[in-house]
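The values are calculated or read from the model by the stated rules, or taken from the named source; none is laboratory data. Quantities reported herein were computed from a predicted structural model and do not represent experimental measurements. Neighbour counts are summed over all protein chains in view; Cβ atoms, including those assigned to glycine, are modelled from backbone coordinates with ideal geometry. Quick note on the areas: whole protein, heavy atoms, side chains included, nothing else; ligands and nucleic acids left out. Shrake-Rupley method; radii C 1.70, N 1.55, O 1.52, S 1.80 Å.
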Amino acid sequence: MSTVLIIEDEKELANVLMAYLERAGYEVYLATSGDRGLKLWQEQHPDMILLDLNLPGMDGIDIARRIRQTDDTPLIMVTARVEEVDRLLGLELGADDYITKPYSPREVVARVKAVLRRVDSAPAKEPSMIEIGDLQIDPEAFSVVKSGTAIELTPTEFLILLTMAEHPGRVYSRLQLLESTQGVAYEGYERSIDAHIKNLRAKLGDDSKNPRYIETVFGVGYKFKKAVE
Ligand code: CA
């Protein structure tokens, strides 16, 4: 059974929420002040926290910061003011979701479920190192080593290489590769990928005509070779 800690000073609201969450099968702890909330968090290690922003004493932002110093307990921030959400996002508190008041308890339960599902299905640990032929690609360090020698890549070049190397043999369009470097891709800029691929090949010592790593797929894009000899 998953446990949820509610930190909320409006008691009536908190009780309604508690009832809904319990009916949905969660074990619920309730704190009506920030200090009490932190204490419960430390004692009970809840699976997730619903955190009201405006609290007497230690407020929600302080609490979120305090929690994030230690761990990544999923956090849903609750605020009475819609316009606060932008500011909260800017503070980068590492919240997993935001809910604005007034809310329906039903909606809150749905959000709690969604966040917990996301956390549960996330792989416990990303594969740390990709080894293909004589290349070692470290996604965490953004580093590439070829036959024991480090290769200096720009972050963009690295992300393009990583994207393709994670799925050797899969063909990527220029737009997809552009997206992997920026999160969004603008049509019309796809050709900028060609320049990055050219630099990548030069740094890896690859030959476009007789490629060892990166193959051009004419009319489509690029792929990392399935087998590197
Ligand atoms: Ca409040």
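Here are the numbers:
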| read-out | value |
| --- | --- |
| Accessible-area value, L162, 1.4 Å probe, nucleic acids and ligands omitted, Å² | 20 Å² |
| Relative contact order (%) - criterion: Cα under 8 Å, at least six apart; region: the stretch 3-120 | 24 percent |
| Solvent accessible area, Å² - M164, 1.4 Å probe, full protein context | 0 Å² |
| Trypsin sites (Lys or Arg not before Pro) restricted to the stretch 88-164 and DSSP loop, no more than 11 other C-beta within 10 Å | K125 |
| Separation of the S104 and N210 label points, Cα + 7 Å toward Cβ, nm | 6.7 nm |
| Percent of beta bridges antiparallel (DSSP, the chain, rounded to nearest 5) | 50 percent |
| Net lengthening on full extension, E140/R117 (0.36 nm per residue, minus Cα-Cα) | 5.8 nm |
| Förster radius 30 Å - calculated FRET efficiency between V171 and R68 (Cβ-Cβ, nearest 0.05) | 0.15 |
| Relative contact order computed over the chain (Cα-Cα under 8 Å; 6+ residues apart), in percent | 12 percent |
| 1.4 Å probe accessible area per residue over the chain, in Å² | 55 Å² |
| Order of exposure, largest accessible area first, which applies to V78, V220 with probe 1.4 Å | V220, V78 |
| Stretchable slack from M129 to V228, in nm (0.36 nm times residue separation minus alpha-carbon distance) | 34.0 nm |
| Cα centre as origin, Lys/Arg/Asp/Glu Cβ charges: the chain dipole, Debye | 720 debye |
| Rounded accessible area of D72 (nearest 10 Å², 1.4 Å probe) | 120 Å² |
| Cα-based convex hull volume of the chain per residue, rounded to whole Å³ | 164 Å³ |
| Carbon + sulfur, % of accessible area of the chain - ligands and nucleic acids excluded, 1.4 Å | 49 percent |
| Size-normalised alpha-carbon gyration radius of the stretch 3-120, reference 2.2 N^0.38 Å | 0.94 |
